[in-house]
Number of protein chains: 2
Amino acid sequence: MSKESKIPGPTIERLALYSRPLEALVENGTPVISSGKLAKMCGVNPAQVRKDLAYFGEFGVRGVGYDVRDLLKQIKRILVSDREWNLCIVGMGHLGTALVENENFRKRGYRFVAAFDSDPRKTGKRLSCGLTILPTADIPEKVRSLRVEVGVIATPSSQAQRVADMLMDAGIRTLLNFAPIQVRAPQCCAVENVDFSVSLENLAYHLAKVL
Amino acid sequence: MSKESKIPGPTIERLALYSRPLEALVENGTPVISSGKLAKMCGVNPAQVRKDLAYFGEFGVRGVGYDVRDLLKQIKRILVSDREWNLCIVGMGHLGTALVENENFRKRGYRFVAAFDSDPRKTGKRLSCGLTILPTADIPEKVRSLRVEVGVIATPSSQAQRVADMLMDAGIRTLLNFAPIQVRAPQCCAVENVDFSVSLENLAYHLAKVL
């Protein structure tokens, strides 16, 4: 376990990426995959795949590859995605609605159990996922009663920090922020600020190389 | 330039992250920043910041820090974000609308010049950004006339690959896919598949450690 506790952040991010094609392979019934093929499916260097997977023990067979089921199980265990997590979301504009509808969350065991908005024209509205939009004043009580573990922020920039503080005051220690501003949290909490334009900058760099 | 051409992907991703607080510092008129402070603002290890910045030459002063303006300029040059890029988007549901409205794109010089949808109930509608939603049949002509360089996909999963193929047929070689499915492209093209749940898996890993 001591080796696992030192897995670097970029490796963790790639583990999540590796799990995507592995899920498809399990569904197809493919028993074994080589690092080269897995690398190609993820758009990553094969040496990088082997190096990343080496962090949690040797279970590839040289010249043959990895046991698909076993590899996926190990990755899910490390990413703690072998259990369900309860999410709430604040800000039910286009972004919030798109996030609640996104199939990837459900597929990975992330379940939205509450949706909040401060706009009285939105509260009371029923979403296609079955949730009803609640006023932000309900956050403290609902976070407790629904055992919310992760707070997702999809508000305009101007409200993101205030909402983050409300969620942390309600006892949530893990935040995922989609508002286009950096949200800050004290040491006891973890916050991931998602910036769509970062993905675009990776692309632009590659584009400029081929132009 | 040979050293720069070998900058690894994860470093490139972090360069984009570093640029965010640097922009704020330039606006505030802060002249110099230490690697420690920059690291803290980005939630990255200071040694990692120094290592990443070393890829493009030494311009930090030991015990003092980096010239904020100079550092930002270098990063923007490497990320080719010192110019504007023309984007089009396909799929104007909640996700597409949220992306077009997202301030981060505009701030970084990514300009949506066309928005498409296959639903005749949506085409002709005017967006708050000033664009009018066009039918997907217009893609080939508009990509050419508006010199679109990057195609953003925000359709349901079932249509993502078909739309990707349409965009590539129209001459676009760089795609950013937000549909929750892996889109494939031939060698000549670059595609970045954005999966929101990857950020959540990073968080879940950290959460499990503090639980």
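Bear in mind that the values in this text are calculations on the coordinates, not laboratory data. Quick caveat, the model's predicted, so the values are computed rather than measured. Backbone-built Cβ (ideal geometry, glycine too); neighbour counts: all protein chains shown.
What dipole magnitude, in Debye to the nearest 20, does the stretch B:4-78 give about its Cα centre under +1 on Lys/Arg Cβ and -1 on Asp/Glu Cβ?
About 120 debye.
Extending each Cα 7 Å along its Cβ direction at A:ASP67 and A:LYS125, get the distance between those two points in nm, one decimal.
5.0 nm
Taking only Cα atoms and a 10 Å spring cutoff, compute GNM fluctuations for chain A and point out the largest among A:PHE112, A:PHE196, A:PHE178.
For chain A, modelled as a Gaussian network with Cα springs under 10 Å, the answer is A:PHE196.
For the stretch A:4-77, with equal point scatterers placed on the C-alpha atoms only and solvent neglected, what are the log10 I(q)/I(0) values from the Debye formula at q = 0.15, 0.16, 0.24 1/Å, to two decimals?
-0.42, -0.49, -1.18
Determine, from the Cβ-Cβ distance of A:ASP82 and B:VAL32 and an R0 of 35 Å, the FRET efficiency 1/(1 + (r/R0)^6), rounded to the nearest 0.05.
Details: r = 46 Å, r/R0 = 1.32.
Approximately 0.15, to the nearest 0.05.
Report P(r) for the stretch A:85-197: all Cα-Cα distances, bin width 10 Å, range 0 to the bin holding the largest distance, values in whole percent.
Result returned by the calculation: 15, 52, 31, 2.
Relative contact order for the stretch B:4-78 using alpha-carbon pairs under 8 Å, separation at least 6, rounded to a whole percent?
Relative contact order comes out at 41 percent.
Using a cut-off of 11 Å between beta-carbons, work out the net charge of the residues near B:SER34 (Lys and Arg +1, Asp and Glu -1, B:SER34 not included).
Net local charge, B:SER34 excluded: +4.
Please get the size of the charge dipole for chain B, origin at its Cα centre, with Cβ charges of +1 on Lys and Arg and -1 on Asp and Glu, quoted in debye to the nearest 20.
The dipole of chain B has a size of about 380 debye.
May I have the pair-distance distribution P(r) for chain A, computed from all Cα-Cα distances with 5 Å bins from 0 and rounded to whole percent?
1, 6, 13, 15, 15, 14, 13, 11, 7, 4, 1, 0, 0
Take B:ARG20, A:ARG147 and order them by how many other Cβ atoms sit within 10 Å, fewest up front.
A:ARG147, B:ARG20
In debye, nearest 20: dipole of the stretch B:94-152 around its Cα centre with unit charges on the Cβ of K, R (+) and D, E (-)?
Roughly 180 debye, rounded to the nearest 20.
Can you sort B:GLU141, A:GLU192 by how many other beta carbons sit within 10 Å, fewest first?
B:GLU141, A:GLU192
Using only the C-alpha atoms of the protein assembly as shown, find the volume of their convex hull and express it per residue in Å³.
Given the Cα convex hull of the protein assembly as shown, per-residue volume reads 160 Å³.
Work from the charge dipole of the protein assembly as shown (Cβ charges, +1 for Lys and Arg, -1 for Asp and Glu, about the Cα centre) and give the residue of A:HIS94, B:MET41, B:ALA114 farthest towards its positive end.
My answer, from the dipole projection, is B:MET41.
Which one of A:ALA154, A:ALA115, A:ALA185 has the biggest mean-square fluctuation once chain A is modelled by GNM with Cα springs under 10 Å?
Evaluated over chain A, the most mobile residue of the options is A:ALA185.
Between A:LEU127, A:LEU38, A:LEU200, find the one with the highest GNM mean-square fluctuation for chain A; connect C-alpha pairs within less than 10 Å.
A:LEU200
Scan the stretch A:55-122 for GluC sites (Glu not before Pro) in coil per DSSP, keeping those whose Cβ has at most 13 other Cβ atoms within 10 Å, and list them by number.
A:GLU58, A:GLU84
Tell me the angle of helix A:196-210 to the major Cα principal axis of chain A, expressed in degrees between 0 and 90 and rounded to the nearest ten.
Here the helix axis deviates by roughly 40 degrees.
Using a cut-off of 12 Å between beta-carbons, work out the net charge of the residues near B:ARG69 (Lys and Arg +1, Asp and Glu -1, B:ARG69 not included).
Neighbour charge sum, excluding B:ARG69 itself: -2.
Go through A:VAL26, A:LEU79, A:SER199 and say which Cα lies farthest out towards the positive end of the charge dipole of chain A; charges sit on Cβ, +1 for Lys and Arg, -1 for Asp and Glu.
So the residue furthest toward the plus end is A:VAL26.
Relative to the longest principal axis of the C-alpha atoms of chain A, give the angle of the C-alpha long axis of helix A:68-78, reported between 0 and 90° and rounded to the nearest 10°.
40 degrees
Only bridges with both residues in the protein assembly as shown count here: give the DSSP antiparallel percent, nearest 5.
The antiparallel proportion sits near 20 percent.
Measuring nothing but label to label, 7 Å from Cα along Cα→Cβ, what are A:ARG50's distances to the other copies in nm, shortest first?
Result, one decimal in nm: 3.2.
Quick check for you: which residues of the stretch A:106-127 have the amide N under 18 Å from the point 7 Å beyond the Cα of A:ARG162 toward its beta carbon?
A:116-123
Counting pairs on different chains as well as pairs 8 or more places apart, how many Lys pairs in chain B have Cα atoms under 16 Å apart?
The result is 6.
Just to confirm the number: angle between the C-alpha axis of helix B:157-169 and the first principal axis of chain B, 0 to 90 degrees, nearest 10?
Helix B:157-169 sits at roughly 90 degrees to that axis.
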